[in-house]
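Engineer: Mind looking over this structure? Questions follow.
The values are calculated or read from the model by the stated rules, or taken from the named source; none is laboratory data. Worth saying up front: this structure is predicted, and the values here are computed from it rather than measured. Virtual Cβ from ideal backbone geometry, glycine too; neighbours counted across all protein chains shown. Just so you know, the surface numbers come from the protein's heavy atoms only, side chains and all, with ligands and any DNA or RNA stripped out. Shrake-Rupley method; radii C 1.70, N 1.55, O 1.52, S 1.80 Å.
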Amino acid sequence: MSTEALSADGLPPLREVVRRHGLEPKKALGQNFLFDLNLTGRIARSAGALEGVTVVEVGPGPGGLTRALLAAGAERVVAIERDPRALPALSEIAAHYPGRLDVIDADAVGFDPRPLVGDGPVRIVANLPYNVATVLLTGWLGAETRDDAWPPWWESATLMFQREVAERIVADESDRANYGRLGVLCGWRTQATILFDVAPSAFVPPPKVTSSIVHLRPRPDPLPCRIADLERVTRAAFGQRRKMLRQSLKAATPDPARLLAAAGLPETARAEEIPVAGFVALARALEAGGSRESAP
């Protein structure tokens, strides 16, 4: 291939890579590829300066964002890809950046990258497959494993979601339409911000929705409570979000009035009116109730 046909990073254009390796996006894998290297470069820069940083990427596909991360100076990228068709294309990138790209043939759901990332700073940067995006995020926040250890192994996460999911991630009680369990969990343990939107036309194939890049930074000292208790009270409260808490919390405790009094919250409030600190207070009251609380 002539040098005129190469991209700025010295690798073939992504469309050529996809064609050569037969990497047509699969709906079952939630694949929507980004071919615009200016856009992938913008996403990489949104993660901050990457010199000396190990980046964990999920679902790299043909490697557009992977290339941008390496070109932006990431010391190392650990790319987790479950589609075996993409592995040869990613191997070409690894050869172009010797010693800086580790491709892991695995499903990111349930996969623990911590043994692979070393002791330096680690950031997660990914165009997440939409069908597993929230599962991955809540796993990194500890909700899937009931992990109360915090701060986490990553120092920031720069992730792409559907716009409606992004709005739920950053929502608090001032945005009642979008506020829910996800907003409580993310608001409790992180500072989350929507950075910018990505139009459907940027993808192949174009999804039916707008996407958003969300940046999450762990709070060093979130209000203390057990994550299992926080999950329990938010599941009950938002499971019947139109009902008053004295009714909806019956799914979490046989005595909602006692729980609400211990948390200093009114019985007539609804879930969407309670700030993160209020849910933490409920979780702490649930823990303090101990064996008096029945399992949901």
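Engineer: Are there any pairs with C-beta distances below 8 angstrom linking a residue in region 131-147 that is free of Cβ contacts under 8 Å to residues at least 40 places away in the same chain and under 14 Å from residue 112 (Cα atoms) to a residue that is open to solvent by less than 50 Å² (accessible area, probe 1.4 Å) and of a type in the set (Phe, Trp, Tyr), with the two at least 6 apart or on different chains, and if so which?
Structural biologist: 140/154
Engineer: Consider residue 106 carefully, then state whether it is of a type in the set (Gly, Ala, Ser), under 30 Å from residue 7 (Cα atoms) and in contact with a Lys or Arg (Cβ under 9 Å, 6 or more places away or on another chain).
Structural biologist: yes
Engineer: Given the structure, is residue 227 open to solvent by less than 50 Å² (accessible area, probe 1.4 Å) and closer than 21 Å to residue 164 by Cα?
Structural biologist: No: the conditions fail for residue 227.
Engineer: Right, another one. List the helices (runs of 4 or more DSSP H) that sit entirely inside region 94-186 and contain at least 1 residues that are open to solvent by 40 Å² or more (accessible area, probe 1.4 Å) and farther than 27 Å from residue 232 by Cβ.
Structural biologist: Once the helices (runs of 4 or more DSSP H) in region 94-186 are filtered for at least 1 residues that are open to solvent by 40 Å² or more (accessible area, probe 1.4 Å) and farther than 27 Å from residue 232 by Cβ, what remains is 114-117, 163-170.
Engineer: Additional query: Any idea which of (1) in a strand (DSSP E or B); (2) in contact (Cβ under 8 Å) with a residue 60 or more places away in the chain; (3) open to solvent by 60 Å² or more (accessible area, probe 1.4 Å) is the one residue 206 doesn't satisfy?
Structural biologist: (1)
Engineer: Then there is this: For the subset of region 269-288 comprising residues that are of a type in the set (Gly, Ala, Ser) and over 14 Å from residue 223 (Cβ atoms), which member is surrounded by the most Cβ atoms within 10 Å (Cβ to Cβ)?
Structural biologist: So the residue we want is 271.
Engineer: If you check every pair at least six apart or on different chains, which have Cβ atoms under 6 Å apart with a residue in region 267-284 that is farther than 14 Å from residue 252 by Cα first and a residue that is open to solvent by less than 10 Å² (accessible area, probe 1.4 Å) and in a loop (DSSP other than H, G, I, E, B) second?
Structural biologist: 272/179
Engineer: Considering every residue within region 220-236, establish whether at least one is outside any helix (DSSP H, G or I) and among the polar types (S, T, N, Q). Give the steps one after another, and end with the answer.
Structural biologist: Initial filter on region 220-236 (outside any helix (DSSP H, G or I)): 220-226.
With among the polar types (S, T, N, Q) added as a condition, the list becomes none.
No, the conditions are met nowhere in region 220-236.
Engineer: Only one of 216, 195 is within 30 Å of residue 41 (Cα to Cα), open to solvent by 50 Å² or more (accessible area, probe 1.4 Å), aliphatic (A, V, I, L, M) and within 19 Å of the chain's Cα centre (by Cα); which?
Structural biologist: 195
Engineer: Quick check on region 27-59: of everything there that is touching a strand residue (DSSP E or B) at 6+ places or on another chain (Cβ under 7 Å) and more than 20 Å from residue 195 (Cβ to Cβ), which residue is surrounded by the fewest Cβ atoms within 10 Å (Cβ to Cβ)?
Structural biologist: 35
Engineer: For region 16-27, indicate whether the set of residues that are under 25 Å from residue 139 (Cα atoms), out of contact with any Phe, Trp or Tyr (no Cβ under 8 Å at 6 or more places or on another chain) and not β-branched (Val, Ile, Thr) is non-empty.
Structural biologist: yes
Engineer: What is the one condition in (1) touching a residue at least 12 places away in the same chain (Cβ under 8 Å); (2) farther than 22 Å from residue 162 by Cα; (3) surrounded by fewer than 19 Cβ atoms within 10 Å (Cβ to Cβ); (4) not basic (Lys, Arg) that residue 18 does not satisfy?
Structural biologist: For residue 18, the failing item is (3).
Engineer: Now a separate question. Of all residues in region 242-254, which are part of a loop (DSSP other than H, G, I, E, B) and surrounded by 16 or more Cβ atoms within 10 Å (Cβ to Cβ)?
Structural biologist: Once the filter is applied, which keeps residues that are part of a loop (DSSP other than H, G, I, E, B) and surrounded by 16 or more Cβ atoms within 10 Å (Cβ to Cβ), region 242-254 yields 252, 253.
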